[in-house]
Amino acid sequence: MPQHTPLFDAHITSGARMVDFGGWEMPINYGSQIEEHHKVRQAAGMFDVSHMTVVDINGSQSRLFLCYLLANDVAKLKTPGRALYSCMLNEQGGIIDDLITYFLDESFFRMVVNAATHDKDMAWITSQARAFDVEVTERPELAMIAVQGPTARQAVLAQLPEADAATAAEMKPFNAGQYGDLFIARTGYTGEDGFEISLPADAASALWQQLLDAGVAPCGLGARDTLRLEAGMNLYGQDMDENVSPLESALGWTVALQDERAFVGKDALLEQKASGVKHKLVGLVLQDRGVLRPGQTIVTDFGEGITTSGSFSPTLQKAIAFARIPKAATDTCQVDIRGKLLDCSIVRPPFARNGAVCEGVL
Amino acid sequence: MSNIPSHLQYTESHEWVSSEDDGSARIGISDHAQQELGDLVYVELPAVGDELGQGDPCAVVESVKAASDIYAPVSGKVIAINEDLDADPAVINTEPYDGGWLFQLELSDKDELDGLKSAEVYAASLED
């Protein structure tokens, strides 16, 4: 039996096409994926992301534990409410998952991890936590709605009590706070401004309906995928997994290697860095007509590579992809599509953010 | 529910075939197929003059979501392709049976038409 989020009935009412996603029956689109994509770039759209796993870390050694568990340095989180993106690595430096951590107070941090990796994540986190004075608690009773787009925050603020709206309006990007029943974070996975809201499951349908009434478009996983690809954000299980390190996944910037801090996977990363990282994850823009897809072979002067994500970009009106290719390759490469070699330019993602194509991509 | 015009014939792989007055056949994908694929963004068609065998993969339609092969429902020679799809593949989504046709064949064996599904049989197969 597939699992359903508290918004399942709301999706059916809105005419969603449902698909299986990591054991969850989720909306892929509500009609046109491309229209949903544009709605988020130009106005506001919302996604049911209740399938994602919320994990609370409580206890006196919460910060100490996360400093050890995560490749990015939780010590960077100095003000309550601040959020940090990080990979969680195994001892070999491979990526177990990517996640966001929110610092709420010294004895309370919240993590949001992927749905498809739920079981192995929970097993890993709880096993690593044993050496620390912390309590790991899943929060399956929370639903989550991501409201994204240039008018998204405004649409959410209009639903809040006046005092909460005033404070939440002041919240800076990559910050979060508790507003009554709502845990509101100014984060997202689309390259647009917006909020990700965690709330009690029984309150989810009412908020969803209020946002619908306010003109926020329901958007499915299809649009979520093209939006995050344009925004240059990796998808776990596709662009990275336990066989690659952050250094081979365009995530070197999320790994704090400079200081004394010991964390899981650090030694492996230092060794990889010393012996030379062989591959890199780059962006591709197809110069010919056609569509880039995951798993296509890339040909460069320095050897072959492979696309990890690929699609038609509604904002660029061209095919774009992420590809893992030999480190030395720059500027251009070719992709094998059904036996034909087509030209691609190699670019540095993001491709599009904040409603527009990024400079230097086209 | 998808639209399945009764005057057309269908294949298991969701192509439709329209028998034209001049004895040729026009081919496209069904409303059900376009719904499953989602927004179409790219179409690769055979060339005029290509000889196709029944069941040959002869075109590709790509949506944002996926690429899908199109198989020749009957054998024959390609006498026309829908060049408008180059600029606007989304016509397949809005008019799968009209503006969204893919290509036209001069049949090499008219009897092959008898093996295609009627609208009724195709509709029943979608319900399984």
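Go through B:E51, B:E95, B:E62, B:E112 for me and flag whichever is at pLDDT 95 or above and within 14 Å of chain A (Cβ to nearest Cβ). Walk me through how you get there before you give the answer.
Working: B:E51 fails: within 14 Å of chain A (Cβ to nearest Cβ); B:E95 fails: within 14 Å of chain A (Cβ to nearest Cβ); B:E112 fails: within 14 Å of chain A (Cβ to nearest Cβ).
It is B:E62.
Any idea which of A:E242, A:E196 is assigned to a loop (DSSP other than H, G, I, E, B) and touching a residue at least 60 places away in the same chain (Cβ under 8 Å)?
Working: A:E196 fails: assigned to a loop (DSSP other than H, G, I, E, B).
That would be A:E242, the only listed residue that is assigned to a loop (DSSP other than H, G, I, E, B) and touching a residue at least 60 places away in the same chain (Cβ under 8 Å).
So which residues in the stretch A:13-51 are under 19 Å from the mean Cα position of the chain (by Cα), at the interface with chain B (Cβ under 10 Å from one of its Cβ atoms) and surrounded by fewer than 24 Cβ atoms within 10 Å (Cβ to Cβ), if there are any at all?
A:I28
If you scan the stretch A:263-282, which residues turn out to be out of contact with any strand residue (DSSP E or B) (no Cβ under 7 Å at 6 or more places or on another chain) and more than 24 Å from A:A323 (Cα to Cα)?
Within the stretch A:263-282, A:K266, A:D267 qualify.
Go through (1) assigned to a loop (DSSP other than H, G, I, E, B); (2) within 14 Å of another protein chain (Cβ to nearest Cβ) one by one and return the number of the condition B:D22 breaks.
(2)
Among what's in the stretch A:316-338 and is outside any strand (DSSP E or B) and within 12 Å of chain B (Cβ to nearest Cβ), pick the residue that is surrounded by the fewest Cβ atoms within 10 Å (Cβ to Cβ). Walk me through it before giving the result.
Let us first name the residues in the stretch A:316-338 that are outside any strand (DSSP E or B), namely A:316-317, A:327-331, A:338.
From what's left, within 12 Å of chain B (Cβ to nearest Cβ): A:316-317, A:338.
Working: A:L316: 17, A:Q317: 10, A:R338: 12.
Restricting to residues being outside any strand (DSSP E or B) and within 12 Å of chain B (Cβ to nearest Cβ), the top hit is A:Q317.
Here is a list: A:P350, A:P294. Which entry is closer than 21 Å to A:P246 by Cα, in contact (Cβ under 8 Å) with a residue 60 or more places away in the chain and not in a strand (DSSP E or B)? Even if it seems obvious, please write down each step before you answer.
Numbers: A:P294 fails: in contact (Cβ under 8 Å) with a residue 60 or more places away in the chain.
A:P350 is the lone residue from the list that is closer than 21 Å to A:P246 by Cα, in contact (Cβ under 8 Å) with a residue 60 or more places away in the chain and not in a strand (DSSP E or B).
Could you tell me whether A:V54 is farther than 14 Å from A:T190 by Cα, assigned to a strand (DSSP E or B) and within 14 Å of another protein chain (Cβ to nearest Cβ)?
Values: farther than 14 Å from A:T190 by Cα: yes; assigned to a strand (DSSP E or B): yes; within 14 Å of another protein chain (Cβ to nearest Cβ): no.
The answer is no for A:V54.
Quick check: anything in the stretch A:74-89 touching a Pro at 6+ places or on another chain (Cβ under 6 Å) and buried (at least 23 other Cβ atoms within 10 Å of the Cβ)?
If we filter the stretch A:74-89 for residues that are touching a Pro at 6+ places or on another chain (Cβ under 6 Å), which is where we start, we get A:87.
Next, from what is left, pick out any that are buried (at least 23 other Cβ atoms within 10 Å of the Cβ): A:87.
Checked the stretch A:74-89: at least one residue is touching a Pro at 6+ places or on another chain (Cβ under 6 Å) and buried (at least 23 other Cβ atoms within 10 Å of the Cβ).
Restricting attention to the stretch A:159-185, which residues are in a loop (DSSP other than H, G, I, E, B) and touching a Leu at 6+ places or on another chain (Cβ under 7 Å)?
Step one: of the stretch A:159-185, the residues in a loop (DSSP other than H, G, I, E, B) are A:159-161, A:171-174, A:180-181.
Across the stretch A:159-185, the qualifying residues are A:Q159, A:D181.
The values are calculated or read from the model by the stated rules, or taken from the named source; none is laboratory data. In this text, all values refer to a predicted model and were calculated from it rather than measured experimentally. Quick reminder, even Gly has a Cβ in these numbers, built from the backbone with ideal geometry, and neighbours come from all protein chains shown.
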